[in-house]
Amino acid sequence: MAIRVLVWGENIHDRENEIVRGIYPDGMHGAIAKALNADPAIEATTATLEQPEHGLTVDRLARTDVLAWWGHRAHGDVSDEVVDRVAERVWQGMGLIVLHSGHFSKIFRKLMGTPCALKWREAGEKERIWVVNPSHPIAQGLEPSFVIPQTEMYGEPFVVPEPMETVFISWYDGGEVFRSGLTFQRGGGRIFYFSPGHEVYPIYHDKNVQQVIKNAVKWAANPAPAWTTVAVAANVPTERAPEPLSQRGPSLHQPGEEGFR
Ligand code: ZN
């Protein structure tokens, strides 16, 4: 079965800004989904902020293996209820790819537990992305480094927890560096943050960027069973301990008592 990807876009710059509209007539989410759908192993659809429940209903998320997220101006307009719902799905095992200014999204900050702040400059300068983990699945099919001719600078320090893996580090014309491709795991869900993607440059049309996102989808699609079915928080009655207990101390619970805590 194909990997079911949902590409979520804020869809504000895409509609309101003439430059962005010119580069992405179907929105950034549309361009990303189209690039992903060129791979027969992936089945990508889109959802946007203005849809009911931001297009992220319980049912839709239940049918999503990997969610990709692009937001910038309206992070605060995303409902907390939907954010909690997305976090729950990540903990269960849904993959999450957070793109560019999504570093400040409610969902990314919630899952990281840190401010996720960084330095930035919008000057249309050059970015060279270095593959620092060439054996990583997300780096496959890429040269040792590749260039994005015009980009927004994102600079260190990037206030996230120490990542599980650092896949890419970017260097900019102005001298800064940035950990531009990082992996995390929260519960059963794999998370990839990828920084390129400023809206006024055609970055999601770039073949290398598309390759990275495609690789990330395949990496984040977790075939393991959902955590809710294997890691439920439940009391284990004394008589059901895997080994017979050799001794028992005082307890508030009665023998044979079960239940969820
Ligand atoms: Zn930007």
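The values are calculated or read from the model by the stated rules, or taken from the named source; none is laboratory data. Since this is a predicted model, take the numbers as computed values, not measurements. Virtual Cβ from ideal backbone geometry, glycine too; neighbours counted across all protein chains shown. Protein only, heavy atoms only, side chains kept; ligands, DNA and RNA dropped before computing areas. Shrake-Rupley method; radii C 1.70, N 1.55, O 1.52, S 1.80 Å.
Structural remarks
- Any hit, the stretch 157-166, residues being touching a residue at least 12 places away in the same chain (Cβ under 8 Å), touching a Pro at 6+ places or on another chain (Cβ under 8 Å) and among the acidic types (Asp, Glu): no
- Residues of the stretch 174-202 satisfying the condition of being surrounded by fewer than 20 Cβ atoms within 10 Å (Cβ to Cβ), outside any strand (DSSP E or B) and more than 16 Å from the ligand (Cβ to nearest atom): Gly175, Gly187
- Some residue of the stretch 162-171 being part of a loop (DSSP other than H, G, I, E, B), of a type in the set (Gly, Ala, Ser), within 16 Å of the ligand (Cβ to nearest atom) and on the phi < 0 side of the Ramachandran plot: no
- Every residue from the stretch 190-209 that is touching a strand residue (DSSP E or B) at 6+ places or on another chain (Cβ under 6 Å) and more than 16 Å from Tyr154 (Cβ to Cβ): Arg190, Ile191, Asn208
- Sole exception among (1) away from the ligand (no atom under 16 Å from the Cβ); (2) touching a residue at least 40 places away in the same chain (Cβ under 8 Å); (3) open to solvent by less than 10 Å² (accessible area, probe 1.4 Å) for Val86, by number: (2)
Rundown of residues vs (1) within 16 Å of the ligand (Cβ to nearest atom); (2) assigned to a helix (DSSP H, G or I); (3) surrounded by fewer than 18 Cβ atoms within 10 Å (Cβ to Cβ); (4) on the phi > 0 side of the Ramachandran plot, yes/no style:
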{"position": "Thr45", "(1), (2), (3), (4)": "no, no, yes, no"}
{"position": "His54", "(1), (2), (3), (4)": "no, yes, no, yes"}
{"position": "Leu61", "(1), (2), (3), (4)": "no, yes, no, no"}
{"position": "Thr64", "(1), (2), (3), (4)": "no, no, no, no"}
{"position": "Leu67", "(1), (2), (3), (4)": "no, no, no, no"}
{"position": "Arg73", "(1), (2), (3), (4)": "yes, no, yes, no"}
{"position": "Leu96", "(1), (2), (3), (4)": "no, no, no, no"}
